[in-house]
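> Structure below; questions to follow.
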């Protein structure tokens, strides 16, 4: 790959955004899946961590948790926004 191609690839990758959908109520699961720990991280932390390796991230959260999640990820530069989800997954994304 030539430097010109590498630069072009980097530009394309920097334009990738990920939407992490975390607005569900976990009714069938029985507890909040996003707070469930797997190893040292919660499911939400793991999802955001994976997404930040690609580019910018928007987190869709339950309306009542937006501020909490904004504060938690306030030092994560790739997380650009935390927005409230809708009543359904379709309305959230």
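> Please count how many residues of the stretch 47-57 are surrounded by fewer than 17 Cβ atoms within 10 Å (Cβ to Cβ) and either assigned to a helix (DSSP H, G or I) or out of contact with any helix residue (DSSP H, G or I) (no Cβ under 9 Å at 6 or more places or on another chain) (or both).
Number of matching residues: 3.
> Could you list, in sequence order, the residues of the stretch 22-56 that are at pLDDT below 90 and within 17 Å of residue 72 (Cβ to Cβ)?
Matches in the stretch 22-56: 22, 23, 32, 33, 34, 35, 36, 37, 38, 42, 43, 52.
> From (1) modelled with pLDDT of 75 or more; (2) loosely packed, with under 14 Cβ neighbours inside 10 Å; (3) outside any helix (DSSP H, G or I), pick out the condition that doesn't hold for residue 82.
Unmet for residue 82, out of (1) modelled with pLDDT of 75 or more; (2) loosely packed, with under 14 Cβ neighbours inside 10 Å; (3) outside any helix (DSSP H, G or I): (2).
The values are calculated or read from the model by the stated rules, or taken from the named source; none is laboratory data. Just so it is clear, the model here is predicted, and its values are computed rather than measured. Backbone-built Cβ (ideal geometry, glycine too); neighbour counts: all protein chains shown.
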